Amino acid sequence: MIGFVFLPVLCDVSSMSRFASVLALLAGVVLASASPIIREPGAIYLSDFAMKPLRLKMLEPARSFFDVSQQRYAGTLRFPQIVQVEAVGPDGLYRVRGNAQQGGVVAWVNRAALEAPPEKFVENLEKANVRRIEVEALIARNEVAIGMIPEEVSRSLGKPQKKTNRADKNATQQIWEYIKYDLVPQTTYAPGVTQTVVNINPGTNSRGGSIVQTGSGITSSTIYIKVPVGTLTVTFKDGIVEALDQSEGTTTGGQVSVVIPPINVY
């Protein structure tokens, strides 16, 4: 059993008011950090790309917000410090992870308060995001394209049935072969016991119903056999798809798609 002991606390009303305000602010920070991240329309999130974290210096203290509309105040980011960029949003806003006056926050801040990012960072990030959207659409349709990397091909088509490596003095090639199978039914017939259900209509001396009549005859059974109907050969050069060779019944559509290779954002 847990007991509680109440002790008198001597403090003035203004101290209690300030203490209550601090508690309310801390509670708001905890609730905001515990809530799931809501992706803002038009923002590009660096977590969607395989890249090293981008860290920038704060140039001055700056107000930050939980949303790009800057309606929900998150706190004033401290200066000096180095923050980690999480996303790039519209209207010159960056989503950063850093320390505000009340503690750690992940919030949107005007990029004017940060040092300049690497050259062409935003331009390259936008191109990489366009590529990501195109590749995700291809993967959703289980298709591949010239310019994809092995991880993307595996996500789209799965593990290849065969892999071949080829190297010369100029480059290294890796060839993946996919085989498409169809299930073809095969039916066999043999003598056996047959059963027939006979329905009996109600009559004067019968309530009706059904009976099963057993006899001899020909029975059939059907099984499905995997039959190869097409192949797709994916050729990688230095880790990028450079050629697609397909036959009738292949795992992709008839038109070959092309995407730009992965972009080094910074």
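Just so it is clear, none of the values below were taken in a lab; they were calculated from the coordinates. For clarity, every value in this text was computed on a predicted model and none was experimentally measured. Counting neighbours? That spans all protein chains shown, and the Cβs are built from the backbone with ideal geometry, glycine included.
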Going through the range 186-243 one residue at a time, which ones are in a loop (DSSP other than H, G, I, E, B) and surrounded by 12 or more Cβ atoms within 10 Å (Cβ to Cβ)?
G239
State which residue is nearest to Q70 (Cα to Cα) when the search covers only the range 105-138 and only residues that are among the basic types (K, R) and in a helix (DSSP H, G or I).
R111
Give the residues of the range 56-91 that are within 19 Å of I38 (Cα to Cα) and part of a loop (DSSP other than H, G, I, E, B), sorted by residue number.
F66, D67, V68, S69, Q70, Q71, R72, G89, P90, D91
